[in-house]
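Chemist: One structure follows; several queries about it will come next.
The values are calculated or read from the model by the stated rules, or taken from the named source; none is laboratory data. Just so we're clear, the structure is a prediction, and the values are computed from it rather than from any experiment. Reconstructed Cβ throughout: ideal geometry from the backbone, glycine too, with neighbour counts over all protein chains shown.
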Amino acid sequence: MRDERDFAELYRRRYPAIYAYGVRRVGPESAREVAAEVFLVLWRRRIELAEDEELPWLYGTARKVTANLLRSEKRRSALTQRVSSVIAVGVAGQLDPMGAVDAVLDVRAALGRLSPKDQEALLLVEWEGVDLAAGARITGCSPNTFKVRVHRARRKLGELLKDQAAPAVGVLAVRKGEGDD
C-alpha cells in the first residue's frame, strides 16, 4: 500500500466482504470489531497486495481475529460465571446470616472444651496473629513447647468441631501441619 488513498480504496472495496464474513461467524455487532481489527492490521503492516491477493489475505486475517475474539469471549464468560457463583454464595450468606452465627457459636463451644493452655495458644496464634516465637515468650515456655501446644490444640479443636452437628468451616483456620516445621 503506497498511501492513505490506496488504503481507503481497498477498504471501500473489501469492507463489505470482511464485514459479511464476521457476521456469519460472530454476529453483526462483533463483525464490526472484526472488520476494524483486520483493516487495522493491514494499515499497520502496510502490506502490498495484488488485487487477487486482497481477499485471501483479508479472510485469513479475519479468521485469526475471529478466533482471538471467540477465545476472549469464552474467557470472559467463564470469569462471569465464576464471579456470579461467588456473588451468589455471598448473597446467600447475607440472606441467612444465622449460618455464620451458628458457626461462631460452634467454635466458641468447642474452644470452651479445650484446656486453658490450649485455648490460650490458639487464641494467641489464630485471633491475635502472634507468631510461634512470640507466643512462646508470652506464655513463658520454649518455642518448641509452644509449637507442639498449638499443633495439638488445633488437632483437638478440629476433632471437637467434627463431632458437632454443624461444624464451623472457615471461622477458625484449623490448619493441619502449620507450624510443624
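Chemist: Give me a count of the residues in the stretch 5-41 that are charged (D, E, K, R) and under 39 Å from the mean Cα position of the chain (by Cα).
Modeler: Pass one, the stretch 5-41, residues charged (D, E, K, R): 5-6, 9, 12-14, 24-25, 29, 32-33, 37.
If we keep only those that are under 39 Å from the mean Cα position of the chain (by Cα) too, we end up with 24-25, 29, 32-33, 37.
Residues in the stretch 5-41 being charged (D, E, K, R) and under 39 Å from the mean Cα position of the chain (by Cα): 6 in total.
Chemist: How many residues are part of a helix (DSSP H, G or I) and of a type in the set (S, T, N, Q) when one looks only at the stretch 113-149?
Modeler: Kept after step one, since they are part of a helix (DSSP H, G or I), are these residues of the stretch 113-149: 116-127, 132-139, 143-149.
Pick out the ones that are also of a type in the set (S, T, N, Q) and you get 119, 139, 144-145.
Looking only at that region, the number is 4.
Chemist: Right, next: Surrounded by 17 or more Cβ atoms within 10 Å (Cβ to Cβ), at pLDDT 85 or above and over 33 Å from the mean Cα position of the chain (by Cα) - does that describe any residue in the stretch 128-135? Write out each step before concluding.
Modeler: Just the residues of the stretch 128-135 that are surrounded by 17 or more Cβ atoms within 10 Å (Cβ to Cβ), to begin with: 130, 132, 135.
Narrowing further to those that are at pLDDT 85 or above: 130, 132, 135.
Checking the rest, the ones that are also over 33 Å from the mean Cα position of the chain (by Cα) come to 135.
Checked against the condition, which is being surrounded by 17 or more Cβ atoms within 10 Å (Cβ to Cβ), at pLDDT 85 or above and over 33 Å from the mean Cα position of the chain (by Cα), the stretch 128-135 yields at least one hit.
Chemist: Hey, could you check the stretch 25-81 for residues that are part of a helix (DSSP H, G or I) and acidic (D, E) and say which is surrounded by the fewest Cβ atoms within 10 Å (Cβ to Cβ)? Full working, then the answer.
Modeler: Taking the stretch 25-81 and keeping what is part of a helix (DSSP H, G or I), we get 25-26, 28-45, 51-81.
Add one more test, that the residue is acidic (D, E), and what stays is 29, 33, 37, 51-54, 73.
Details: E29: 9, E33: 14, E37: 19, E51: 9, D52: 7, E53: 11, E54: 17, E73: 12.
Within the stretch 25-81, the match that is surrounded by the fewest Cβ atoms within 10 Å (Cβ to Cβ) is D52.
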